Amino acid sequence: MFQIKPIHQKIFKNARPYLRTRKNLIHTRIALRYAFKLLESEQGDEDIVIPAILLHDVGWNTIPEKLQLTAFGPNLSNLRLTKAHESEGARIAETILTQQGYSSEKIKKIRQIIRGHDTRKKAISGDDRIVKDADKLWRYSRKGVAIDLERFNMQPSSYLDYLEKVIAQWFLTKTAREIAQKEIKKRKTEYRISSICQ
Ligand SMILES: [Fe+2]
Ligand SMILES: [Fe+2]
């Protein structure tokens with residue numbers, strides 16, 4: 001089990017009202033778990049990575065719910081909104097971090113990570129690499145697969161094959177690639193068993 005610092009707990013508490021959309025509370029909790037896991041073997045600063053993962057999606061709160069599905073996933077058609085959730089998120093994150101007395105140097109680094117967490121494919125730092133990977137690992141978690149299958153209206157077998165295929169291309173750290181491989185094996189077994197039992 002990981003230990004979250006009291007200051008990061010306070011940040012999460014302040015972020016929570018912004019995360020009550022797009023299933024972002026559960027998404028953030030699961031991504032947080034992966035971030036701690038990655039920090040065990042990848043080089044990164046917990047004081048940057050953890051607030052960045054807790055706050056990375058707060059900007060979705062400013063995007064109307066009926067438009068959110070046009071700004072992520074396989075039916076992405078509105079990149080302007082994808083970018084808006086990043087820039088609005090960076091702005092909200094700055095306010096929350098300033099309220100908690102975070103240093104301006106750290107706030108700047110966290111803002112930069114949030115500003116391009118989905119649209120910037122290359123990482124700007126080791127911390128950014130961990131945040132990007134923890135964010136994507138959620139899609140391989142049991143809950144993440146169940147939620148995405150429903151919202152993208154996809155068949156488990158083809159969706160899981162797709163997730164397996166993109167591992168090498170999506171993940172930036174060796175540890176995340178290994179975790180994704182393990183998770184996809186588990187998901188394939190679970191969905192095979194549930195299709196037999198139906
Ligand atoms: Fe995002
Ligand atoms: Fe995310």
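The values are calculated or read from the model by the stated rules, or taken from the named source; none is laboratory data. Owing to the predicted nature of the structure, the values given are computational and were not obtained by experimental measurement. Don't worry about glycine lacking a Cβ; one is built from the backbone with ideal geometry, like all the others, and counts go over all protein chains shown.
The number of residues in the stretch 62-85 being of a type outside the set (Phe, Trp, Tyr) and under 17 Å from residue 116 (Cα atoms) comes to 13.
Among 132, 106, which is the only one that is modelled with pLDDT of 95 or more and crowded, with 18+ Cβ neighbours inside 10 Å? So that I can check it myself, show each step before the final result.
Values: 106 fails: crowded, with 18+ Cβ neighbours inside 10 Å.
Of 132, 106, the one residue that is modelled with pLDDT of 95 or more and crowded, with 18+ Cβ neighbours inside 10 Å is 132.
I'd like to know if the stretch 66-85 contains one or more residues that are within 14 Å of ligand 1 (Cβ to nearest atom), in contact (Cβ under 8 Å) with a residue 24 or more places away in the chain, within 25 Å of residue 2 (Cα to Cα) and surrounded by 19 or more Cβ atoms within 10 Å (Cβ to Cβ). Taking every residue of the stretch 66-85 in turn, none turns out to be within 14 Å of ligand 1 (Cβ to nearest atom), in contact (Cβ under 8 Å) with a residue 24 or more places away in the chain, within 25 Å of residue 2 (Cα to Cα) and surrounded by 19 or more Cβ atoms within 10 Å (Cβ to Cβ). The single condition among (1) basic (Lys, Arg); (2) away from ligand 1 (no atom under 16 Å from the Cβ); (3) free of Cβ contacts under 8 Å to residues at least 60 places away in the same chain that residue 143 does not meet is (3). Figure legend. Inter-residue proximity from the stretch 102-116: first residues more than 18 Å from residue 8 (Cβ to Cβ), second residues assigned to a helix (DSSP H, G or I), beta-carbon distance below 7 Å, spacing 6+ or different chains. Indicated pairs: 115/86; 115/87; 115/90; 116/86. Counting residues in the stretch 111-120 that are away from ligand 2 (no atom under 16 Å from the Cβ) and either touching a Pro at 6+ places or on another chain (Cβ under 7 Å) or among the β-branched types (Val, Ile, Thr) (or both) gives zero. If we scan the stretch 125-148, do we find a residue that is in contact with a Pro (Cβ under 8 Å, 6 or more places away or on another chain), at negative phi and not in a helix (DSSP H, G or I)? The answer is no, given that none of the residues of the stretch 125-148 is in contact with a Pro (Cβ under 8 Å, 6 or more places away or on another chain), at negative phi and not in a helix (DSSP H, G or I). Filtered by the rule that a residue be within 15 Å of ligand 2 (Cβ to nearest atom) and more than 17 Å from residue 90 (Cβ to Cβ), the stretch 32-58 gives 32, 33, 34, 35, 38. Please enumerate the residues belonging to the stretch 14-37 that are away from ligand 1 (no atom under 14 Å from the Cβ) and among the polar types (S, T, N, Q). The one that is away from ligand 1 (no atom under 14 Å from the Cβ) and among the polar types (S, T, N, Q): 14.
All of (1) in a loop (DSSP other than H, G, I, E, B); (2) more than 14 Å from ligand 2 (Cβ to nearest atom) hold for residue 21 with one exception: (2). Determine whether the stretch 43-62 contains at least one residue that is charged (D, E, K, R) and within 14 Å of ligand 1 (Cβ to nearest atom). Yes, that holds for at least one residue.
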